[in-house]
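Peer 1: Sharing a structure here in structure tokens format.
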Amino acid sequence: MNLAHTPLVYIVDDEPALRDALLGLLKSVGLQALAVADIEAMMTAYQPQRPGCLLLGIQGHPDLGAQQCLREQGIDLPVIIIAGHSDVSLAVNAMKQGVLDFIEKPFNDQLLLDGVHHALAEDTIRRRSRARHREFQQRFDTLTPREQDVLRQVAEGLSNQDIAEVLKLSRKTVEVHRAKVMDKMQADTLAQLLRMTLTLGILKLYDFDT
């Protein structure tokens, strides 16, 4: 079995009984899990090469410090909070902190398993997105500073003539730079190039309804 591609569900809760119950439930459906008492132990045991998600048990309000710790360590696992009690404001606050799902104890086993499978699928999407971003960033880094300037202007929707005026270049020079940008970014069409700039955060989407 290739563990690098085998999902691992992390369980963080200070109640041994709940940790054991969750371990048993997940293993009963063939999922590998690791249970610890606190977020520090989880980060020590974290295996970044493996897809996964985090079941985070809390008492009272969500442990936003745990979320902050994960972000600071660059850990972008989908998080499912398992709360001792719930209310609307508590759940909304958790979602604002990036929590994927919020489950109240006592929970339905199938509901929790559905949530875990959804979280694992979300982690796969995030990993693909990060890999795509790294690939496009590597291509972008091969551009000269002037070619990067041209790309940014293209992402703004400017024509070659407009770019030439903004950058104080001849139109022919802009055309040469633009051709090199297309080649280095490995884009066959303008649409492909713009999708890359969107992934890199160069091109911004605007909501014209607001």
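Every read-out reported here was derived from the displayed coordinates using simple, explicitly stated rules and does not represent laboratory data. Remember, predicted model here, so these are calculated numbers, not experimental data. Note: ideal-geometry Cβ built from the backbone for every residue, glycine included; neighbour counts use all protein chains shown.
Peer 1: Which trypsin sites (Lys or Arg not before Pro) does the range 122-210 hold that lie in a coil by DSSP with at most 13 other beta carbons within 10 Å?
Peer 2: The qualifying sites are 168, 204.
Peer 1: Can you give the extra length, in nm with one decimal, that the chain gains between residue 41 and residue 95 once fully stretched, where that is 0.36 nm per residue apart less the Cα-Cα distance?
Peer 2: 17.1 nm
Peer 1: Per DSSP helix of 4 or more residues, -39500 (n - 2.57); summed, then divided by the residues of the chain. What does that give at 222 nm, rounded to the nearest 500? Let's see the in-between values first.
Peer 2: Details: 9 runs with 115 residues, N = 210.
Using -39500 (n - 2.57) per qualifying helix, the result is -17500 deg cm²/dmol.
Peer 1: Let me ask something else. Go from 0 up to the bin containing the longest alpha carbon distance in the chain, width 10 Å each, and give me the % of pairs per bin.
Peer 2: Whole-percent P(r) values from 0 Å outward: 8, 27, 23, 16, 15, 8, 2, 0.
Peer 1: Show me the three semi-axes of the equivalent ellipsoid for the range 121-210, from the C-alpha gyration tensor (sqrt of 5 times each eigenvalue), largest first, rounded to whole Å.
Peer 2: 26, 17, 9
Peer 1: Calculate, in nm to one decimal, what residue 71 and residue 49 gain on full extension: separation in residues at 0.36 nm each, minus their alpha carbon distance. If you can, show how the numbers build up before the last one.
Peer 2: Working: separation 22, 0.36 × 22 = 7.92 nm, distance 1.67 nm.
Here the segment from residue 71 to residue 49 would lengthen by 6.3 nm.
Peer 1: Okay, moving on. For the pair residue 104 and residue 138, what calculated FRET efficiency results from E = 1/(1 + (r/R0)^6), where r is the Cβ-Cβ distance and R0 = 41 Å, to the nearest 0.05?
Peer 2: Using R0 = 41 Å, I get an efficiency of 0.40.
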